[in-house]
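FYI, it's all coordinate maths here, none of it is from the lab. Owing to the predicted nature of the structure, the values given are computational and were not obtained by experimental measurement. Cβ placement follows ideal geometry from the backbone for every residue including glycine, while neighbour counts extend to all protein chains displayed.
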Amino acid sequence: MSESTPSTNKVPVLSKALGKWSAIAMMIGAVIGSGIFAKPAANAAASSSVTLIMLGWVAGGIITLVTAICMAELCLMMPKAGGTYVYIRQAYGRLPAFLSGWNESIFFQSTANSALAVFFTMTLG
């Protein structure tokens, strides 16, 4: 009979293999993503000033950058898997974190994906 090796109870660890260029590509896709297709026409229709349109894009970029820096700081303070759930749980407790996670899953993600589907359906005919 062959000897079997005893199993060890190791806790799985998430791999931290996201490189700089992968992270940059993900952020460009998330920030620019689909909004770049939907918003320029609406902005141009609402304002005849190219300067105001560009200022709006710059202001949105600054707000997004500040948000990303805050999230990066939270990630460095609490390096655990779970994203915003972990941060809200630490600040407010388990129930608000649980509700926030379900809110994001049910309302935010589905609404964003539905809006994209409607936009591309209207655009492509």
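Quick look at the numbers
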quantity: Förster radius 30 Å - calculated FRET efficiency between residue 114 and residue 27, Cβ distance, rounded to 0.05; calculated: 0.80
quantity: Helix 94-103 axis, angle to the chain major axis (alpha carbon atoms, nearest 10°); calculated: 50
quantity: Cα-based Rg of the chain normalised by 2.2 N^0.38 Å, two decimals; calculated: 1.54
quantity: Highest average packing first - 64-76, 88-100, Cβ atoms within 10 Å; calculated: 88-100, 64-76
quantity: Net charge dipole size for the chain [Lys, Arg +1 and Asp, Glu -1 on Cβ; Debye, nearest 20]; calculated: 160
quantity: Summed side-chain charge close to residue 102 - residues other than residue 102 whose Cβ falls under 14 Å, Lys, Arg +1, Asp, Glu -1; calculated: +1
